1. How much net charge surrounds VAL199 when only other residues with a Cβ under 15 Å from its Cβ are counted (Lys, Arg +1; Asp, Glu -1)?
2. Once the cut-off is 15 Å, how many percent of the Cα-Cα pairs in segment 137-200 end up in the long-distance tail?
3. So what does log10 I(q)/I(0) come out to for segment 7-242 at q = 0.10, 0.13 Å⁻¹, using the Debye formula with one equal point on every Cα and no solvent?
4. Using the number of other C-beta atoms within 10 angstrom as an exposure proxy, rank VAL205, VAL183 with the fewest first.
5. In a shell of Cβ-Cβ distance under 15 Å around ALA73, excluding ALA73 itself, what net charge do Lys and Arg (+1) and Asp and Glu (-1) give?
Amino acid sequence: MNGNDNFGWIAAFALAAAVVNGAGIYAIYFNEKWAERAKGWLMCFAAGVLISSPLMFAFPEAVEKNHNAGFAALAGFLFMFFSNKIIKHRAGERNLAFGITAVEGIAIHSFVDGVIYAVAFSVSVLIGMASALGLVIHEFAEGAITFSFLLKGGMHRKKAAMFAFFVAALTTPLGAFVAYPFVSGLGPSVMGLLLGFVVGVLVYVSASHLLPEAQEHEKGHSTLAFLSGVGLAIVMLFAKHTH
């Protein structure tokens, strides 16, 4: 399938990400204790999916399309590393999860998530679903954390909830819809490089953002949640080969 065939999947997952992000904001707005408990487990599960799926699904496909995809993956990892260092330096804060310590950083992070959906689903539905599943799940925690950060900054609760939704939730479908026209018509070799870049971004998000934050607020069964995410990715891989 090409990108034109898969636009429905891109739109569905991008909008689902916005909904789940909004659910995280809603949950912590009305039930902070429950949201705090769920946040850690969901981050661990999402980390398990996001560390496994790119390595098992997306990276082999990227290398098959372009043998230089490994360099692109490294570029994606370094892009996230340095962009987050710049954001941290400019914001002067260190307490927001995912290493993003300013509202502009949250927006960039969420926009990049949308671009990932456009690239991954333009390659195939299976790679798109394997990559997007963990991203959608982690949106719950991102929404809750963004709202909490804005509250710490002194913003009124209702205004913080609305602002968090616009900044952290709506930027994901925006990124997907902006990127789609550009990536849907690209050739296999270029798509291989883009997919490799996405792999680097996803590995960074999981290893450098989700896992450290989840470990800092570790709950009972956090390891089980992480291994469940890894297990789901493995099941999807076996299902792919069986199919």
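Laboratory data are not the source of any read-out in this text; all were calculated from the coordinates shown. This one's a predicted model, so the numbers in the text were calculated from it and none came from an experiment. For neighbour counting, all protein chains shown are included, and Cβ atoms are generated from backbone atoms with ideal geometry for every residue, glycine included.
1. That works out to -2.
2. 63 percent
3. Per q value, in the given order, log10 I(q)/I(0) is -0.42, -0.72.
4. With the sparsest Cβ surroundings first, the list reads VAL183, VAL205.
5. Counting the neighbours of ALA73, the net charge comes to -1.
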